[in-house]
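Undergrad: One structure follows; several queries about it will come next.
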Amino acid sequence: MNALDYGIVALYIGAMIWLGVRFKKNAARGDYFLGGRTFGWFPLGMSTMATQLSAVSFVSAPAFVGLRKGGGLQWLTFELGVPLAMIATLTLIGPMLHRSGVVSVYSFLEKRFGWESRALLSSLFLVSRAFAAGVYTYVIGLVLSSILHVPFWETMLVLGAVTIVYSLEGGLKAIVYSEVAQMTIKFLGIVTIMVSALYYIGGWQGFLSHLDRSRLRVIDFGNWGFDGREYGFWPMLLGGLFLYASYYGTDQTQAQRILAARDQATVTRLLMFNGLFRFPVTLAYCFGGLVLGAFALSDPGFSRRIPPDKPDLMIPLFIGGYLPHGVVGVLVVALIAAWMSAYSSALNSLTAVTMEDFIDRRLPTPAHRYVPYSKAVLLSWGVVTIICGFFSSRIAATAIEAINKIGSLFYGPILGIFLLAAVRWITPAAANIAVVVGVGVNLILWLFFKSVFWFWWNAIGGVTTLLAAAALSLLWPTLPPAHIERPATPEPFPWRQSAVLLVFFVCMLAFCLLLPRMF
């Protein structure tokens, strides 16, 4: 990198700090954590997508597709459950949460099932999200230090400090509007990398001549995921249905966007946007990986520069070694933007859950002190996550896999208890016990049935929770305590939106089946 590249990076960092100052006047909890519930569907949709498609996705998805052993376009099977999950979220979870008017999604559970549900799920979220944020911080520090030729610790501290500052000052408004720009930068970044790699490899014909065609297969109907194999159609579809419905509807980092929407129509458009446009963005990431993988096969010099145990460095090394100055600066900004979008959302959601579910729940905070206390909590979480990043060290890649498994351990049961909240005859005691049973079954699978692909845990844990709660409520029916609320009348079923999502799922499936024949 030269002065031009560093200038572009500095300009972006300055813009992020300015954005935080621009939205500094968030004086109440509704403004700080939910932006006053004034957001439209487009900024919320871009923010939601940007949060999930983080820097890890930016570098790891292409590396998995193009370089990693056993990888390929089967990465796209991660997307199959998204449209179907959006139908469930549109129908059951989204309207229910938005009507509740809460700040933390887990405080909604207290209204229906008591303090025990709220405390349990909030604690699980805080531990898992703080650990994930720390690992992501380590990964971006490692990747950028290889491009910037700046010590790893300096990279982590500077990026962490900048993200903390604009999240601290601007609250959710600064985060959402910054993520609109960040999502755009990320998408243009992967397109730039793809076009540049095609140029170096000799155009489309050069790409086809060096393409590893074993990486083109997406769908494997014969792989059920019970014999030690991974990424089969059925576990990714059924497990993904539970995982994504839980992620978009019950994880604070995503569900906070539902709570911040101005009305129910905005919630519907927000979820439709992610259900329809997430797949094309992921497809761009995957195709970029195919092109870079082919380039690595055509250029032994580039291939030798990529450590065999760190394929995720494929994109950073290509940026630093093959692109002109100026473009390098823009793509470094794309990497930073990809990381900041996930990290800032994690900090804001960690703070919201801490304030709402623990501090303000036990020691009610005066209105004029709420935002200052929230900023202190956010700063504390920033320090904690950066420290976690330093301790991730060389096991980051393994830790990321562990995070995915840990998420699948809990996502199904968590979705189950939110779905149970809509059923009037389910008792609080039955729901709380059922969540523990669902997680327990997943733990047994993890420890003793290692041939079961971990993506199945999402579906198995969710179904177990639903069945256990139904059985316990029927066998030992009890009257709920006086302070427990009954669920409201559900919204009308969204037939039109569901039909669109179902048709889109069929188109996705047909495209994935035909994809190997297109090359």
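The values are calculated or read from the model by the stated rules, or taken from the named source; none is laboratory data. All values reported here derive from a predicted model rather than from experimental measurement. Cβ: placed from backbone, ideal geometry, glycine included. Neighbour counts: every protein chain shown.
Undergrad: Quick one: is Gly20 modelled with pLDDT under 85, closer than 15 Å to Ala261 by Cβ and either assigned to a helix (DSSP H, G or I) or in contact with a strand residue (DSSP E or B) (Cβ under 8 Å, 6 or more places away or on another chain) (or both)? If you could, list the steps in order and put the result at the bottom.
TA: Values: modelled with pLDDT under 85: yes; closer than 15 Å to Ala261 by Cβ: no; either assigned to a helix (DSSP H, G or I) or in contact with a strand residue (DSSP E or B) (Cβ under 8 Å, 6 or more places away or on another chain) (or both): yes.
Criteria not met by Gly20.
Undergrad: A further question follows. Wholly within the range 59-158, which helices (runs of 4 or more DSSP H) include no fewer than the required count, namely at least 3 residues that are in contact with a Ser or Thr (Cβ under 6 Å, 6 or more places away or on another chain) and touching a residue at least 24 places away in the same chain (Cβ under 8 Å)? Spell out how you get there, then give the answer.
TA: On the way: elements: 82-88, 94-100, 105-113, 115-148.
Helices (runs of 4 or more DSSP H) meeting the threshold: 105-113, 115-148.
Undergrad: At pLDDT 85 or above, among the aromatic types (Phe, Trp, Tyr) and either over 30 Å from Gly232 (Cβ atoms) or over 21 Å from the mean Cα position of the chain (by Cα) (or both): which single residue out of Tyr138, Tyr166, Tyr106 fits that description? Before you say what the answer is, go through the steps one by one.
TA: On the way: Tyr138 fails: at pLDDT 85 or above; Tyr166 fails: at pLDDT 85 or above.
Unique residue meeting the criteria: Tyr106.
Undergrad: From the set of residues in the range 371-390 that are of a type in the set (Ser, Thr, Tyr) and either more than 16 Å from Ala130 (Cβ to Cβ) or free of Cβ contacts under 8 Å to residues at least 12 places away in the same chain (or both), which is surrounded by the most Cβ atoms within 10 Å (Cβ to Cβ)?
TA: Let us first name the residues in the range 371-390 that are of a type in the set (Ser, Thr, Tyr), namely 373-374, 380, 385.
From what is left, the residues that are either more than 16 Å from Ala130 (Cβ to Cβ) or free of Cβ contacts under 8 Å to residues at least 12 places away in the same chain (or both) are 373-374, 380.
Values: Tyr373: 18, Ser374: 25, Ser380: 13.
Of everything passing the filter in the range 371-390, Ser374 is surrounded by the most Cβ atoms within 10 Å (Cβ to Cβ).
Undergrad: In addition: Select from the range 444-457 the residues that are touching a residue at least 24 places away in the same chain (Cβ under 8 Å), in a helix (DSSP H, G or I) and closer than 11 Å to Lys405 by Cβ and list them in ascending order.
TA: Step one: filter the range 444-457 for residues touching a residue at least 24 places away in the same chain (Cβ under 8 Å), giving 446, 450-457.
Filter once more, keeping what is in a helix (DSSP H, G or I): 446, 456-457.
Answer for the range 444-457, where residues must be touching a residue at least 24 places away in the same chain (Cβ under 8 Å), in a helix (DSSP H, G or I) and closer than 11 Å to Lys405 by Cβ: Trp446, Trp457.
Undergrad: Have a look at Leu53, Leu73, Leu90, Leu80 and point out the one that is modelled with pLDDT of 90 or more, in contact with a Lys or Arg (Cβ under 9 Å, 6 or more places away or on another chain) and surrounded by 22 or more Cβ atoms within 10 Å (Cβ to Cβ). Let's see the steps before the verdict.
TA: Working: Leu53 fails: modelled with pLDDT of 90 or more; Leu90 fails: in contact with a Lys or Arg (Cβ under 9 Å, 6 or more places away or on another chain); Leu80 fails: in contact with a Lys or Arg (Cβ under 9 Å, 6 or more places away or on another chain).
Selected residue: Leu73, the only one of Leu53, Leu73, Leu90, Leu80 that is modelled with pLDDT of 90 or more, in contact with a Lys or Arg (Cβ under 9 Å, 6 or more places away or on another chain) and surrounded by 22 or more Cβ atoms within 10 Å (Cβ to Cβ).
Undergrad: So how many residues does the range 422-438 have that are among the aliphatic types (A, V, I, L, M), surrounded by 22 or more Cβ atoms within 10 Å (Cβ to Cβ) and touching a Pro at 6+ places or on another chain (Cβ under 7 Å)? Talk me through it step by step, then tell me what you get.
TA: Our first condition is that a residue be among the aliphatic types (A, V, I, L, M); within the range 422-438, this holds for 422-423, 426, 429-431, 433-437.
Checking which are surrounded by 22 or more Cβ atoms within 10 Å (Cβ to Cβ) leaves us with 426, 430-431, 434-435.
Next, from what is left, pick out any that are touching a Pro at 6+ places or on another chain (Cβ under 7 Å): 435.
Residues that pass the stated criteria total 1.
Undergrad: So is Gly275 within 15 Å of Phe505 (Cβ to Cβ) and surrounded by 24 or more Cβ atoms within 10 Å (Cβ to Cβ) or not?
TA: On the way: within 15 Å of Phe505 (Cβ to Cβ): yes; surrounded by 24 or more Cβ atoms within 10 Å (Cβ to Cβ): yes.
Judged against the criteria, Gly275 is a match.
Undergrad: Please state which one of Arg262, Arg269 is surrounded by fewer than 22 Cβ atoms within 10 Å (Cβ to Cβ), touching a strand residue (DSSP E or B) at 6+ places or on another chain (Cβ under 7 Å) and either closer than 13 Å to Gly94 by Cβ or in contact (Cβ under 8 Å) with a residue 60 or more places away in the chain (or both).
TA: After applying the criteria, what remains is Arg262.
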